[in-house]
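Every read-out reported here was derived from the displayed coordinates using simple, explicitly stated rules and does not represent laboratory data. What you see is a predicted model, and the numbers here were worked out from it, not measured in a lab. Please note: Cβ atoms are built from the backbone with ideal geometry, for glycine as well, and neighbour counts cover all protein chains shown.
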Amino acid sequence: MLRHTFGTQLVNAGAQITTVQALLGHKRLNTTMVYAHVHDKTVMDDYLRAMEQIEGVQTAVQPVAVPENAFALLDKLGQEGLNDEQRQILAELRRCLTPE
C-alpha cells in the first residue's frame, strides 16, 4: 500500500512517470503504472497547462510583411509545369498570405 500511495502522490504532484519509475526501481513502465494512479484533476491540469503553452506559442507569431508582387509571382509559378501537389502547396501558401 505504501508503494501505491508513494507512486500516486508523486505523479499527482507533477513528477514525471519516468522519475516515479526510477524511484520505485521498476524496469518496465507498465509496472510503474500499476502503482501510480493519475487522478482526473491531474489530467485536467496537464491538459490546461499544455493548451496555455500551445496558445501562447500561436499568439506569439508575428505577422509577415508580404511584398506587393508576391501573389503575381505565386500565380506565375503555378502556371509553369508544376504537378498537382506543388500547385496545392502554392494554393495553401497563397491562402496563408492573403489578409483576412
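Quick notes on this one:
- Sites LEU93 and MET1 - FRET efficiency at Förster radius 41 Å, r taken between beta-carbons, to 0.05: 0.10
- The gain in end-to-end length when the TYR47 to ALA13 segment is fully stretched comes to 10.8 nm, 0.36 nm per residue minus the alpha carbon separation.
- Hull volume per residue, based on the alpha-carbon atoms of region 2-59 and their convex hull, is 80 Å³.
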